[in-house]
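Since the structure comes first, as structure tokens, the remarks are kept for the end.
The values are calculated or read from the model by the stated rules, or taken from the named source; none is laboratory data. Nothing here was measured: the structure is a model prediction, and the numbers come from that model. Ideal geometry is used to build each Cβ from the backbone, glycine not excepted, and the neighbour counts take in all protein chains shown. Surface areas here come from the heavy atoms of the whole protein model, side chains and all, with no ligands, DNA or RNA. Shrake-Rupley method; radii C 1.70, N 1.55, O 1.52, S 1.80 Å.
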Amino acid sequence: MDFNVKKLASGAGVFFTRAVQFTEEKFGQAEKTELDAHFENLLSRADCTKLWTEKIYRQTEALLQPNPIDHTGARIEEFLYEKLDRKVPSRITNGELLGQYMQDAAKEFGPGTPYGSTLIEVGECERRLGAAEREFLQTSAISFLTPLRNFLEGDWRTISKERRLLENLRLDLDACKTRLKKAKVAEAKAGCDGEMAPDFQETRPRNYVLSASASALWSEEVDKAEHELRVAQTEFDRQAEVTRLLLEGISSTHVNHLRCLHEFVEAQAAYHKQCHFHMQELQKELGRLPNAFALNATHTIATTGSATEGLSSPVETDTLKIEEVQAPATGTRKAKVLYDYDAADSSELSLLADEDTNPSLLSESPACTLLLFLTPGRLITVYTVPGMDSDWLIGERGNQKGKVPVTYLELLS
């Protein structure tokens with residue numbers, strides 16, 4: 001073991017000198033070299049960038065992985081793979097797992113039953129949503145999280161290291177200034193004592209010789225302090241320039257993070273677009289499946305007997321009597337048709353996108369007299385009546401009116 005006592009003592013002396021200088025500055029007993037305003041602005045901007053980059057990074061991690069300490073130990077596993085410099089294996093998402101459970105349940109309940117067939121369709125949609133989520137997480141981690149983490153763990157550590165070195169050199173510079181100031185004061189005092197004429201009748205004439213010797217020693221100390229000050233000033237200026245260049249590079253960091261932010265927004269928009277498309281397809285598929293609710297409602301109405309005939313309103317029966325529904329004086333709103341919808345029975349209304357709205361088609365088939373064909377984007381008047389299901393509204397356009405599902409409309413006023 002190579003143990004250098006001189007080097008250890010020198011390092012301890014430098015540390016002690018810096019500690020004394022720092023303490024005296026805090027108590028206002030020593031002068032402090034101030035940086036120029038531009039340099040201070042660069043430091044403030046760098047600190048602000050580090051603070052908010054760290055907050056955005058942590059919150060984005062929480063957004064993409066809300067529960068890191070779950071039963072899968074996802075975040076811990078990623079940390080271990082990162083430390084081992086190995087690729088993190090692809091992991092099934094919660095949506096994909098839910099879809100798998102739904103499809104397994106459908107096999108147990110029977111895929112031919114209404115519940116089983118619906119579970120199959122919804123499970124497949126959930127698996128697609130989970131796959132889209134996994135792709136979004138991977139894209140976001142590469143295009144957004146990784147650049148932010150590289151800045152915090154790479155560039156910012158370098159900046160912090162150079163800033164600490166600059167602060168140490170500043171303390172050394174100010175300590176040299178203090179040492180030179182004290183040496184000059186002592187030299188001046190020794191010079192004043194040496195200018196006095198010696199008293200040769202004095203029993204100790206050596207005081208004059210000692211004063212002259214002290215003045216020479218302090219002159220030598222001043223020269224040494226001035227040399228150390230010049231060296232400290234040169235090292236401080238060099239380090240200040242290095243630190244300044246690194247701090248000015250924060251502007252390039254902002255540009256890079258801006259590009260990454262655009263990529264993150266594009267990935268997020270693509271993800272939500274895929275989710276919206278899958279949900280639209282799911283709604284279409286569910287509209288084509290047998291509707292067990294209508295069968296249950298018919299059976300319930302048939303078993304109630306005549307006791308409920310007088311209490312049932314036109315809105316509460318299985319078949320809506322459109323001709324008995326009147327628009328209220330107030331409370332009507334405009335709505336725009338958003339999606340297609342296939343009616344499950346004659347009591348529901350179909351919303352079609354690709355077929356032309358021709359009133360003559362409605363009169364050709366009695367089964368279609370209660371169907372209202374609407375084109376997405378067209379405005380209709382909607383309102384509700386007492387006792388009506390909150391998921392439905394009464395829609396009117398011209399002389400036509402009928403039940404309209406709320407989820408397929410955009411209420412405008």
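Considered as a group, the residues in region 262-278 that are open to solvent by 50 Å² or more (accessible area, probe 1.4 Å) and within 16 Å of the chain's Cα centre (by Cα) include one that is nearest to F144 (Cα to Cα), and that residue is E263. Here T118 fulfils each of the conditions (1) among the hydroxyl-bearing types (S, T, Y); (2) closer than 21 Å to H278 by Cβ; (3) open to solvent by 60 Å² or more (accessible area, probe 1.4 Å) apart from (3). State whether one or more residues within region 70-81 are in a helix (DSSP H, G or I), open to solvent by 100 Å² or more (accessible area, probe 1.4 Å) and modelled with pLDDT of 65 or more. Within region 70-81, none of the residues are in a helix (DSSP H, G or I), open to solvent by 100 Å² or more (accessible area, probe 1.4 Å) and modelled with pLDDT of 65 or more.
When region 27-54 is filtered for residues that are in a loop (DSSP other than H, G, I, E, B) and of a type in the set (D, E), the ones remaining, listed by number, are E31, E34, D36.
Taken over region 232-248, the residue count meeting the criterion of being over 39 Å from the mean Cα position of the chain (by Cα) and of a type in the set (S, T, Y) is 1.
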